[in-house]
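Throughout, read-outs are computed from the coordinates displayed, never taken from laboratory work. What you are looking at is a predicted structure, and each value in this text was computed from that prediction instead of being measured. Note that each Cβ is placed from the backbone with ideal geometry, even for glycine, and that neighbours are counted across all protein chains shown.
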Amino acid sequence: MKTAFITGITGQDGAYLAKFLLEKGYKVHGGVRRISQPETTRLDLLGVTNQVELHEFDLAEQNNIFRVIRDLEIDEFYNLAAQSFVGASWELPIYTADVDAMAVVKILDTIRSLSPQTRFYQASTSEMFGLVQEVPQSETTRLYPRSPYGVAKVYGHYITMNYRESFDMHASSGILFNHESPLRGKEFVTRKITLGLAALARGGDAAIELGNMDAKRDWGFAGDYVEGMWHMLQQDVPDDYVLATGVTTTIRDFFTAAGTALGMDIEWSGEGEDETATDKKSGKQVMKVNPKFYRPAEVDLLIGDPTKALTKLGWKPKVTVNELAEMMAKSDYDALG
Ligand code: NAP
Ligand code: GDD
């Protein structure tokens, strides 16, 4: 039986990865932050809380990292924990750097000293492409981050590559484009949209307030993406891989797809700050722009080229963006029933 340790096991990806690894027969350990009330909602929803072993673990604490790597004889270490909300990273730039950048080298260095046979996965991100230098973006596209989050993740990405090259470690980065699910955090735009539309479909009347409607993202399903993480650590040779669908969609079009899945007929009017959306069937206004959600620097367009993962890992995304919007909208609608 292989042993895996997942930082961020209580997050969206951590929960899906824990379930996937348990199904593969792994012994799964995970790190959870000490908070006043333990939060295992996502693990509970996937029915795996009692099958994983949880350890008090904060990425900001070197000794937490030291203890789990010294004590657990880990075969595969998945570093998924992060301050993962781009919007918050301008308010938390130093904390974001501590957790998303510095913690990565602490983990790598501890593995190097105490457990060099452990394979390491780093959660890198398409946010590193930021002001994109190439369309579509691949493993060789030049990085140009646009947020404190993106900058911190660039450090995590390059230090993973550097430890691999310097110390012959099995350390790989997955450059994952946006991936969502019914377990997505409520502040991210897809879930904010599906939660808001579900409430409107259930009789509510609060229009959803959003920021930049023109941004484009390459959205896939988180359940597909955790499989790609695992494939990376099964390779003889560690490397970096883009996981993406190769399809990009505006926030507006995702909104329309989610509304359609709930039986709405979404009509758009106006531009910029005056843009609104109405459900023609109910006559309700369902979206208005609130500039408070604009970002100091925006990532306008992300679209990934997953050819390397497709050919070398045999990985393939299975869920389309419209299926994803429907899955999330219906899940939020059912939960309100
Ligand atoms: P998420 O749902 O926000 O989960 C983040 C996890 O990190 C949570 O379990 C959180 O714990 C934990 N965490 C945060 N700060 C911590 C700290 N100081 N010490 C220990 N744990 C801490 O994120 P996700 O969507 O699953 O993403 C997983 C990883 O992939 C992240 O590194 C993210 O940056 C990266 N990524 C995500 C995407 C995407 O589209 N989802 C794309 C590319 C890369 P709490 O439950 O206590 O908050
Ligand atoms: N969150 C949010 N809320 N975003 C909004 C809103 C809003 O009200 N209105 C418009 N947007 C736009 C943002 O400006 C951004 O262009 C886009 O929607 C997506 O925002 P998020 O869903 O917050 O995701 P993200 O792309 O910034 O970051 C996610 O994906 C990255 C991978 O590219 C996160 O999961 C990161 O952790 C991940 O690395």
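The table that follows gives values for the structure above.
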{"read-out": "Net lengthening on full extension, Met1/Ser166 (0.36 nm per residue, minus Cα-Cα)", "value": "56.4 nm"}
{"read-out": "Long-range amide H partners of Gln83 with built H, under 5 Å", "value": "Asp100"}
{"read-out": "Shape category assigned to region 269-312 from the gyration tensor of Cα positions, a/c cut at 1.5", "value": "oblate"}
{"read-out": "Calculated over the chain: convex hull of Cα atoms, volume per residue (Å³)", "value": "132 Å³"}
{"read-out": "Mean residue ellipticity (222 nm) of the chain, computed from DSSP H runs ≥ 4 via -39,500 (n - 2.57), nearest 500", "value": "-10500 deg cm²/dmol"}
{"read-out": "Cβ charges +1 (Lys, Arg) and -1 (Asp, Glu), total dipole of the chain, debye", "value": "400 debye"}
{"read-out": "Region 116-205: translational diffusion in µm²/s, Stokes-Einstein, Kirkwood Rh over Cα pairs, 25 °C, 0.890 mPa s", "value": "159 µm²/s"}
{"read-out": "In Hz, Karplus ³J(HN,Hα) per residue of region 307-313 (6.51, -1.76, 1.60; θ = phi - 60°; x = Gly, Pro)", "value": "3, 5, 5, 4, 7, 8, 9"}
{"read-out": "Full-stretch length increase - Arg202, Asp44 - with 0.36 nm per residue and alpha-carbon distance subtracted", "value": "54.4 nm"}
{"read-out": "Percentage of interatomic Cα-Cα distances in region 1-61 larger than 15 Å", "value": "41 percent"}
{"read-out": "Principal-axis tilt of helix 103-114 within the chain, Cα atoms, nearest 10 degrees", "value": "20 degrees"}
{"read-out": "For peptides 233-239, 79-85, 196-202, 40-46, sequence by mean Cβ density within 10 Å, most packed first", "value": "79-85, 196-202, 40-46, 233-239"}
{"read-out": "Overall dimensions of region 242-319 by Cα: Rg and Dmax, Å", "value": "16.9, 50"}
{"read-out": "Region 179-337 - Kirkwood radius from inverse mean 1/r over Cα pairs (Å)", "value": "16.7 Å"}
{"read-out": "Cα gyration tensor, region 94-142 - rounded (a/c under 1.5), prolate or oblate", "value": "oblate"}
{"read-out": "Virtual spin-label span in nm between Glu53 and Glu73, 7 Å along Cα→Cβ", "value": "1.0 nm"}
{"read-out": "Simple Cβ-charge dipole of region 154-271, Lys/Arg +1 and Asp/Glu -1, about Cα centre, in debye nearest 20", "value": "360 debye"}
{"read-out": "Out-of-range pairs (alpha-carbon distance over 22 Å; input Lys280/Lys330; Lys19/Lys216; Lys24/Lys318; Lys186/Lys292)", "value": "Lys19/Lys216"}
{"read-out": "Listed residues Ser113, Trp219, Tyr155: farthest to the positive end of the dipole of the chain (Cβ charges)", "value": "Ser113"}
{"read-out": "Antiparallel content of DSSP bridges confined to region 203-337, in %, to 5", "value": "70 percent"}
{"read-out": "Simple Cβ-charge dipole of region 1-159, Lys/Arg +1 and Asp/Glu -1, about Cα centre, in debye nearest 20", "value": "200 debye"}
{"read-out": "Long-range Cα-Cα pairs in region 1-151 (distance over 25 Å), rounded percent", "value": "33 percent"}
{"read-out": "Efficiency of FRET between Asp253 and Thr140 - r from beta-carbon atoms, R0 25 angstrom, step 0.05", "value": "0.30"}
{"read-out": "Simple spin-label estimate for Ser269 and Glu298 in nanometres, 7 Å along Cα-Cβ", "value": "2.3 nm"}
{"read-out": "Extension reserve of the Leu92-Gln117 stretch, reckoned as 0.36 nm per residue once the Cα distance is removed", "value": "5.6 nm"}
